[in-house]
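Since the structure comes first, as structure tokens, the remarks are kept for the end.
The values are calculated or read from the model by the stated rules, or taken from the named source; none is laboratory data. Note that the coordinates shown come from a computational prediction; the quantities given were computed from them, not determined experimentally. Backbone-built Cβ (ideal geometry, glycine too); neighbour counts: all protein chains shown.
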Amino acid sequence: MSKCLICESEYQPFVDFGDMPIANAFAKKEELNDEYTFPMKVGFCDSCNMVQLVEQPERERMFHENYAFFSS
């Protein structure tokens, strides 16, 4: 059983989307076999009504030198 990120109560996974790539990765065709994916399972906390990922993606793999976001 996993603990809620907000209230630390136990929560229940309720949907599994399988392995998903990171959004906005913009991988080239030759990079698709090496594309980072993570298990996208979603859980719900009955105590605080928080919906959250069961497993967090690796931050270093998400926010890398080619990350396509610029602040204004």
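Restricting segment 1-45 to residues that are aromatic (Phe, Trp, Tyr) and under 15 Å from Pro57 (Cα atoms) leaves a set whose member that is modelled with the highest pLDDT is Phe17. Contact map, segment 3-30: first residue more than 22 Å from Cys45 (Cβ to Cβ), second residue of a type in the set (Val, Ile, Thr) and surrounded by 12 or more Cβ atoms within 10 Å (Cβ to Cβ), Cβ cut-off under 8 Å, separation 6 or more or different chains; pairs are Asp19/Thr37; Pro21/Thr37; Ile22/Thr37.
For segment 14-57, give me each residue that is touching a Lys or Arg at 6+ places or on another chain (Cβ under 8 Å), more than 15 Å from Lys3 (Cβ to Cβ) and part of a loop (DSSP other than H, G, I, E, B). Answer for segment 14-57, where residues must be touching a Lys or Arg at 6+ places or on another chain (Cβ under 8 Å), more than 15 Å from Lys3 (Cβ to Cβ) and part of a loop (DSSP other than H, G, I, E, B): Ile22, Tyr36. For segment 19-37, a residue qualifies if it is loosely packed, with under 13 Cβ neighbours inside 10 Å and out of contact with any strand residue (DSSP E or B) (no Cβ under 7 Å at 6 or more places or on another chain), and the qualifying residues are Ala23, Asn24, Phe26, Lys28, Lys29, Glu30, Glu31, Leu32, Asn33, Asp34. Restricting segment 3-18 to residues that are more than 10 Å from Val54 (Cα to Cα) and of a type in the set (D, E, K, R) leaves a set whose member that is surrounded by the fewest Cβ atoms within 10 Å (Cβ to Cβ) is Glu8.
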